[in-house]
Amino acid sequence: MFRTWSNALPADVEVCPVQLPGRSARLMERPFTDLSRLIEVLAQALAPLLDKPFAFFGHSLGALIGFELARRLRRQYGVNPVRLLVSAGRPPQVPHRGAPIHNLPRKEFLAELRRLDGTLAEVFEHEELLEIILPLLRADFAVYETYVYSNEAPLNCPISTFGGLEDREISASDLEAWRDQTTAAFSLRMLPGDHFFLNTHQPLLLRILRTGLTS
């Protein structure tokens, strides 16, 4: 998803995608099912690289990961991002709505995936591919659904939030609650598209990011 982003951003902005276990080249590794352990490992891996200004961008679950990673780095290493960019992500202090789905029986879990419309339709037609992808998707939902927010001082970096105008899961009012997580500047931009607007309207999003990261 992020492979071509550097082509649309300024030359002095280095795009460093984080590939978690269970994805692409790390397909055979066991995915995380607990956010606190994921953040612990991420902080250890990234801390030595953060000797220059850095920002975090996270979409959906990635927004929560970016937020908790920023808090962990502040506590443990005394470093902060210059900006936190959260996209289609539920604010951490807002409880998860609806019943958890990560431990549903296979048939019901597949029905929920179809309803959420975030998985390519072709995937459901290939049993072998499903067997590979379903454990990862269950793990991602477990990370999201078992997360428990704890109070800390707000971040002192700006937070920029992005949402899809047709997103049925995360609304503009949901995103507005991210304002409480920073003592610095806050912005909210709603873009055309649903929960996955970063795919369907990527050029527009990247134009906005280009301005936000260099201003």
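The values are calculated or read from the model by the stated rules, or taken from the named source; none is laboratory data. All of these numbers come straight from a predicted model, not from anything done at the bench. Here the Cβ is made from the backbone with ideal geometry for all residues, glycine too, and neighbour counts use every protein chain on show. For accessibility, only protein heavy atoms count, side chains too; no ligands or nucleic acids. Shrake-Rupley method; radii C 1.70, N 1.55, O 1.52, S 1.80 Å.
If a residue counts only when it is closer than 24 Å to Asp174 by Cβ and modelled with pLDDT under 95, which helices (runs of 4 or more DSSP H) contained entirely in region 34-144 have at least 3 such residues? Show your work before the answer.
Values: elements: 35-46, 61-77, 106-116.
Here the list reads 106-116.
Open to solvent by 30 Å² or more (accessible area, probe 1.4 Å) and in contact (Cβ under 8 Å) with a residue 24 or more places away in the chain: which single residue out of Arg26, Arg83, Arg97 fits that description?
On the way: Arg26 fails: in contact (Cβ under 8 Å) with a residue 24 or more places away in the chain; Arg97 fails: in contact (Cβ under 8 Å) with a residue 24 or more places away in the chain.
Checking each option against the conditions leaves just Arg83.
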Region 144-173, residues that are of a type outside the set (A, V, I, L, M), within 15 Å of the chain's Cα centre (by Cα) and more than 20 Å from Arg114 (Cα to Cα): Tyr147, Ser160, Thr161, Phe162, Gly163
Every residue from region 123-162 that is open to solvent by less than 40 Å² (accessible area, probe 1.4 Å), over 21 Å from Ile101 (Cα atoms) and touching an Asp or Glu at 6+ places or on another chain (Cβ under 9 Å): Thr161
Close pairs (8 angstrom Cβ cut-off, 6 or more residues apart or separate chains): closer than 21 Å to Tyr144 by Cα and of a type in the set (D, E, K, R) in region 103-128, modelled with pLDDT of 80 or more and in a helix (DSSP H, G or I) anywhere: Arg106/Leu134
Answer residue from region 192-213, given it is open to solvent by less than 40 Å² (accessible area, probe 1.4 Å) and assigned to a loop (DSSP other than H, G, I, E, B) and is nearest to Arg83 (Cα to Cα) among those: His195
